[in-house]
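K.L.:
Below is a structure I'd like to ask you about.
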């Protein structure tokens, strides 16, 4: 007789697998309809009805394979989706077809396949919860199937091991998940096929994926700004100059290598007044980019690096991605300087380049920017104003219809998007009316920490804006309207936070996250943010000392505690006596009686009278049923001290 | 740790999913991969834990006779403090038996022991060292199993084959017909004499007392000859068949009559068991017979001084030419020719 | 464990006198004497086994005569009948009535010499009386007078012409003792101070039967801690689980181990038993109750018990 729990678990697993596919929302209801039979199948299975004919099942399976072909080639036109349909039908078929006790194993593997497909076609958070259920149920069923196979399922209480093993396996799964090396190490959010994006700084601006973009409040940097704080804050990172219709990239490949001059790097090719520069002390968290951030144009940088790189567009780049927190001081000018005309003209073409198919955009730009005779500054302002006023900000974007570019979809259809859409549109419109322009990516704003009087910049602050070459200077324009102040309840926020965690740490878990975790656990010195004047730094020695003390304490509490737990005073004292004798070389084991221990002690040079007295006290208390009062305990302690210290001194 | 048939498939699936994870970089596939790996790791760890700290004890339920069903109790004691051991299959050593036998213990809680009973048949008598038992388990899953070889100390003593024999002649010879002239408690009247201090009241013969006007008691002969000495001829090697039949005969007599309360003594070259009663004594005789070897070169003290008056002596000869035929001359001695008499 | 005698907490004066008396006759056998007296205090019977001539009978005799109570000695032979030890109904010609004439078993201390020389029938008659402390003859039951102790001696099994006691009978003895040869020094002393039985008789008793009864009651009141009880249980279970053992110690063995351990505690002047008491008694109380796979002598059993004692953890 098959155990009901085993059957229920099998049913749960099959339904879990199917549910994971259904909640992905990509399936065709028509093809899933036969799958409804699964409920009947498991109802029959659980109530002990006999399986239906093998021939019928096999015949239906063959039919389903033909349906698969039809589905994949004609209806869904997506093999994965068709496969998903098929697995659901197969699960339903199998529910009528349990002959052998280990037949459910096929169900498990089918469910596994379903989960893999689900993870490929949809990655909503519901799939995540299904996953967790699956891991538990899968392991549980494997344990139960063991007892099934041994035929002891009705005689052995397996619930406890089943539960414990499931939990352990879950923990192990997490450990493996975070520790398996990710060969395709990359920026999280750019996982193949995942389509998930969160806001944040990435080396490029890209319009190839759509859907929700999620907030991320990971801290990027903390900045202390000397003297006054300018408003608004635009932390420039790098510039992007070329758009191919989908992606903005930086084409200034050749980088200039700059050596340190007593820790100072000077980048300005023009004169500057040091007094006018704004000094910022930046603590940069380990990021997936080599770019250095600063307000405005960086003129001088002070850091511990030996060398830095700078490209022609003024982006400053570290030799490699920093693995640790990296701190530097930047002196930068908020006022753009005037460029050398000849030199700029050499790159002018780059800043005017447009991809093909921009006719509608060009038309719109001309329409919005007014009279061609207007000064470029005003035309640019008109464009900026157009985007600011007529468009809405949203982190949700939809896929454009076939044949429509993402830019056109934004400008003419949806009129909603986020900073990259605005910046990109404006830059393209500027170019189409002949004003050289480029996109700048970095961060804007930040949260002022009143306690520390510094600015915290998070990934949520990632931003892109536009710079246009007007009258020999790169002028900044920010066409992105403010996000509508979202009114969210605490529940929504909590939900959003969970979503964020799921995407950030499960779906988007990457090699760099692994490295970050390793760093967290292995960093010998816990380095606090360093600010000049206040230096919080722990020496490794102290940390190690504290750790050592902690482990000793834990050892004493748990290991020794377990050993002596529940023992009375006299037993503990006797155990101390015994282990001392043992260490003196006495042949004493757990099976030595007190007087044998005493004999061994005497044989090893302990005073027989005092040791005998101690053993007598112990025996009276332990076996004689007369507990020791505090005075006798002191006697015991005194005896122990005398036995083992004076005795040794005399010799 | 070795994979079962399902385990091989499982390993294959793990490998494929691992490849898929690496290839797509999809983190959910990594989770599944991680889960499969954790199944592997748990299999390894739990297979080890499950089979560690176990104490195996094998006992045969006495007596074990050749050619009869014997019952073995396999006791597994779990000395671990926390972990319960599940699904233990215990395989008997290959050399011990002709056929494969296993015992199965579904669960042993920490600090306790469980017993499984296995039934088997030995073909030959003798002492068998237990040797290497194999303990096997596939807990917690069905994918892998592990085997541990356990050297079990001790031995099982298989007693000679017991045959259905017609023993009435021996029984009578040893008790009924031949009595001594010593007073005792058999049913045979020896003499009627005058009452003496210490006589049992039961034995007063009132009829005789009335006649002689003094108390007369009946005195019976002693039963003391419910004693049998089995002399097994193992002095010089002969055909195995004849010797085995002799051993079997001796064992059958000792077993049957020993249980009926006869005092049994065994004498052969190299071993001697003095008179005694009770089950333990019979076992002692059978122990000696189980290990009896033909052609013993050792001294034969018990055989040489079979005394008169110590009950019946049964001499079991392999053939007429045996040197032991010489001692078979005394009164109250029965000679059995092992090869022909059975 | 003679050490306990020298400590401040020694046995009571009566017990001390008893011990000194016996050890003045049997030299160098302090441990054996201790165990023999403990058996008396534990209301048990004693079996002494050894080769002839090491003082088995002397020990039993001296112990018996040192107590002021009735004493009988029975020499067991092959033609001894049960009635010879229990007693018989005898026809009294004067009163023309039957009266029961008590056998030598009706005494406080009975020395059964060479018990394995007699037939199993007689042996079992003695052992049944020992166990039940009463004798039934012709539907009349006679209760034996307390204190009652049988000290049996036997020759080792290897000696010919013997009927070894079956295990079930051996079980009735609380203690099984081997004397062994004394050390050379003690043997010399024993030679020079040799006392024959009449001399021992003339030394007179040192305590009374009433003293023994009182001491037996006091022994019953000795505190036995739960953990020591568990320790006893583990040892008894150990004999059943040991590889070399075919038949482990009986429940009665455990009971006697408990009683003798208490008596040894009393001997050491304590009113509670400690694991050392159990450890000292275990080989002698359990050794003869076990059936080994290949047994040649009692020392094998002692080795097995030593093995068990080294494995069973002592409560702390």
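K.L.:
Once every Cα of region A:31-167 carries one equal point scatterer and solvent is ignored, give the base-10 log of I(q)/I(0) from the Debye formula at q = 0.12, 0.18, 0.19 Å⁻¹, two decimals.
P.N.:
Taken in order of the listed q values, log10 I(q)/I(0) reads -0.57, -1.14, -1.22.
K.L.:
Ok, one more. Considering only chain C, what is the antiparallel percent among its DSSP beta bridges, to the nearest 5?
P.N.:
Of all bridge pairs located within chain C, approximately 40 percent are antiparallel.
K.L.:
By average Cβ neighbour count within 10 Å, what is the ranking of A:219-225, B:32-38, B:2-8 from highest down?
P.N.:
B:32-38, A:219-225, B:2-8
K.L.:
Now a separate question. Report, largest value first, the span of the C-alpha coordinates of chain C along each principal axis, in whole Å.
P.N.:
69, 43, 40
K.L.:
A follow-up question, please. Can you pull the mean other chain C-beta count within 10 Å for peptide C:304-316?
P.N.:
Counting other chains' Cβ atoms within 10 Å and averaging over C:304-316 gives 4.
K.L.:
Continuing with the same structure: What is the ratio of the Cα radius of gyration of region C:63-113 to 2.2 N^0.38 Å, where N is its residue count, to two decimals?
P.N.:
1.38
K.L.:
Among C:277, C:113, what is the fewest-to-most ranking by other Cβ atoms within 10 Å?
P.N.:
C:113, C:277
K.L.:
Let me ask something additional. Using a Gaussian network model of chain C with C-alpha springs under 10 Å, which one of C:251, C:153, C:118 is most mobile by mean-square fluctuation?
P.N.:
Looking only at C:251, C:153, C:118, the biggest GNM fluctuation is shown by C:251.
K.L.:
If you don't mind, there's one more thing I want to ask. Suppose a student asked you for the relative contact order of region A:4-179, using Cα pairs under 8 Å spaced at least 6 residues apart; what percent would you report?
P.N.:
33 percent
K.L.:
Another question about this same structure. Using only the alpha-carbon atoms of region C:195-316, report the extent along each of the three principal axes, biggest first, to the nearest angstrom.
P.N.:
50, 37, 21
K.L.:
What percentages make up the Cα-Cα pair-distance distribution of region A:222-334 when the bins are 5 Å wide from 0?
P.N.:
2, 11, 22, 24, 21, 12, 6, 2, 0
K.L.:
On to the next question. Convert 20 °C to kelvin, take the viscosity as 1.002 mPa s, use the Kirkwood radius over C-alpha pairs of region B:52-159 as Rh, and evaluate the Stokes-Einstein diffusion coefficient in µm²/s, rounded to a whole number.
P.N.:
Numbers: Rh = 14.4 Å.
Answer from the Stokes-Einstein relation: 149 µm²/s.
K.L.:
Arrange the peptides A:144-155, A:85-96, A:227-238, A:51-62 so that the one whose residues have, on average, the most other Cβ atoms within 10 Å appears first. Before the final figure, lay out the partial values.
P.N.:
On the way: A:144-155: 18.6, A:85-96: 24.2, A:227-238: 16.3, A:51-62: 13.1.
The peptides rank, most packed first, as A:85-96, A:144-155, A:227-238, A:51-62.
K.L.:
Still on this structure, I have one more. Peptide A:589-601: average number of partner chain Cβ atoms within 10 Å per residue?
P.N.:
Mean shielding count: 5.
K.L.:
Work out the mean other chain Cβ neighbour count within 10 Å for the residues of C:261-272 and drop it here as an integer.
P.N.:
Going residue by residue through C:261-272 and averaging, the value is 2.
K.L.:
Further, regarding this structure: Give, to the nearest whole percent, the P(r) tail of region A:339-449 beyond 20 angstrom, counting all Cα pairs.
P.N.:
46 percent
K.L.:
Using the Cα atoms of region B:2-42 to build a convex hull, what is its mean projected area in square nanometres?
P.N.:
2.7 nm²
K.L.:
Based only on other Cβ atoms within 10 Å, what is the fewest-to-most ordering of B:269, C:69?
P.N.:
C:69, B:269
K.L.:
Listing A:429, C:149 from the residue with the fewest other Cβ atoms within 10 Å to the one with the most, what is the order?
P.N.:
C:149, A:429
K.L.:
What is the Cα convex hull volume of region C:31-109 when expressed per residue in Å³?
P.N.:
130 Å³
K.L.:
When chain C is treated as a GNM, springs tying every alpha-carbon pair under 10 Å, which of C:146, C:94, C:114 comes out with the largest mean-square fluctuation?
P.N.:
C:94
K.L.:
Grab the alpha carbons of region A:566-650, take their convex hull, and tell me the volume per residue in Å³.
P.N.:
Taking the convex hull of the Cα positions in region A:566-650, it is 87 Å³ per residue.
Readers should treat all values here as calculations from the given coordinates under stated rules, not as data from a laboratory. Computed from a predicted model, the values in this text were never measured in an experiment. Note that we place each Cβ from the backbone using ideal geometry, even for glycine, and neighbour counts take in every protein chain shown.
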